[in-house]
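What follows is calculated from the coordinates using simple rules that are stated; it is not laboratory data. All of these numbers come straight from a predicted model, not from anything done at the bench. Glycine also receives a Cβ, built like all others from the backbone with ideal geometry; neighbour counts cover every protein chain displayed.
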């Protein structure tokens, strides 16, 4: 099967996907998730954080990952660890939604570690704790707690609400 490519030859993903990012048959487009994230998405930090927050809270971590990944690839170099770590945590949540406990724990922890690297290099307290309104401490705590609980008890006992953590400080 031929892979979709952009004019310069980079792979693109035009295949329809379900709400958790799983590929559907190309002719299954009627069942596809209509709110696809474009491959060339470019948002500033506040808009990316707000959109990712909305998607996470709606139980669409795969799509939040795509938003965060776009910011990781297009944002300032000093923010790379922030966006990459948040994207990895969103992938961890995607694995949890799909029932993959091992993948969820691995990516939640890997992403949290990357965000902590960002915090260690941030130049100001505001950037370290609340860049673009993101409540890093709360999001990391939720990810750490979720990873530990999944590791102890598996995914069966995890309430659905715990798989939808908010990224933005309430009221922003």
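When a footprinting reagent is the concern and you count Cβ atoms within 10 Å, what order do 53, 40 take, fewest first?
Ordered by Cβ neighbours within 10 Å, fewest first: 40, 53.
Each of 105, 91 has some number of other Cβ atoms within 10 Å of its Cβ, and from fewest to most they run 105, 91.
Panel order for 95, 121, 65, 130, by other beta carbons found within 10 Å of each beta carbon, from fewest to most: 121, 130, 95, 65.
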